[in-house]
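**Q** Provided herewith is a single structure, encoded as structure tokens, for subsequent inquiry.
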Amino acid sequence: MRWGRAHVRISGSTRVCGIVGDPVEHSMSPVMQNAAFSHAGLDFVYVPFRLPRGSARAAADAMRAMGIRGLNVTVPHKVDIMPYLDRVDSPALRIGAVNTIVNDGGLLLGYNTDAAGFMRGLSGAGVEVGGVRVAVLGAGGASRAVTLALVDAGARVTVLNRDAERGAMLAGDVSRKAGRAVEHAGLSAGSLLTVLREASLLVNTTTVGMHPDVGGSPVGAELLRPNLTVCDIVYNPPETSLLRLARERGCRTVDGIEMLVGQGALAFELWTGVPAPVEVMRSVVREELARASH
Ligand code: ATR
């Protein structure tokens with residue numbers, strides 16, 4: 001089904017939300033959130049603000065001064081913005097990064113919807129993680145949110161990272177915060193072979209396979225057993241080389257659009273107080289990515 005493009009009517013009372021980051025030109029959030037506002041009949045608009053590194057305080061000040069209702073925060077401000085907020089909720093404090101701000105009458109409240117959005121995407125796809133061995137590839141900011149969410153949900157996680165020391169640090173940090181052991185190893189064919197023997201879910205949080213270097217896969221086809229579920233948080237392209245190999249091997253796959261929509265839906269709900277039209281958000285992102293690739 002086509003949902004069409006958002007037609008937002010801006011009036012004197014329109015409430016403003018947006019995204020601050022650098023770069024923001026390729027963000028899918030404006031198209032996704034405006035379609036959602038429009039579908040829900042809300043007098044809201046969502047705009048991109050390119051803001052260079054070092055300007056997090058200016059973003060917080062601008063939000064208060066101009067009555068901006070909500071912001072998503074992306075690279076490079078997710079950590080830097082935290083000291084300028086009035087309150088930060090506990091998931092965001094544990095992850096150590098904020099991706100969503102609500103301006104509640106001048107009080108700035110910080111949240112992180114990445115972890116919960118990721119879990120919403122997985123459960124929407126029918127993937128159970130309790131008690132399950134999960135291989136998480138990568139040890140950057142995205143891996144931190146995903147690993148913590150999985151451990152909190154009862155998964156037994158092994159973090160595999162090219163830079164093994166960075167992977168060990170992330171595993172140590174998450175296991176301290178969650179009070180549960182997180183295994184770690186370098187990212188190699190040998191370690192993958194060992195971990196994937198036991199794992200039933202593989203999550204890629206590395207940038208391998210992301211546009212424009214779409215050819216690469218962090219895992220070879222021969223390691224993908226059909227009873228493995230493979231999830232890639234890269235959403236451009238929606239079917240990464242890893243997901244294509246997994247599909248061809250008969251694995252269940254979950255693409256990065258699910259996490260993108262999951263985190264966006266939670267942010268929408270924080271700003272507006274109404275349930276997010278997730279179907280609309282998902283379709284509009286899929287259409288936009290399909291258009292961009294032609
Ligand atoms: P983010 O915050 O979005 O997660 P990041 O902090 O830049 O991004 O992390 C990128 C992740 O992709 C890292 O785990 C990185 O591995 P290293 O820590 O070893 O650098 C991983 N990555 C990037 N390119 C990779 C490649 N060619 N092969 C394997 N892993 C790669």
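Values quoted throughout were computed directly from the atomic coordinates according to the rules given, and no laboratory measurement underlies them. Every value quoted in this text rests on a predicted model; they were computed, and no experiment measured them. Cβ sites come from the backbone with ideal geometry, for glycine too, and all protein chains shown count toward neighbours.
**Q** Can you pull a Stokes-Einstein diffusion coefficient for the chain at 37 °C (0.692 mPa s), Rh from Kirkwood over Cα pairs, as a whole number of µm²/s?
**A** Estimated diffusion coefficient is 168 µm²/s.
**Q** Whole-Hz Karplus ³J(HN,Hα) for segment 188-197, in order, using 6.51 cos²θ - 1.76 cosθ + 1.60 and θ = phi - 60°, x for Gly and Pro?
**A** In residue order, the calculated couplings are 8, 4, x, 5, 4, 4, 5, 5, 6, 4 Hz.
**Q** Could I have the simple spin-label model distance between Glu198 and Ala65, label points 7 Å from Cα toward Cβ, reported in nm to one decimal?
**A** Here the modelled spin labels are 5.5 nm apart.
**Q** Give me the angle, in degrees from 0 to 90, between the Cα long axis of helix 278-292 and the longest principal axis of the Cα atoms of the chain, rounded to the nearest 10.
**A** With both axes taken from Cα atoms, the answer is about 80 degrees.
**Q** Do the sum for the chain: with -39,500 (n - 2.57) for every DSSP H run of n ≥ 4, divided by all residues, what is the mean residue ellipticity at 222 nm, to the nearest 500 deg cm²/dmol? Walk me through the numbers on the way to the answer.
**A** Details: 10 runs with 117 residues, N = 294.
Calculated from helices alone, the mean residue ellipticity at 222 nm is -12500 deg cm²/dmol.
**Q** Taking only the Cα atoms of segment 116-254, how large is their convex hull per residue, in Å³?
**A** 94 Å³
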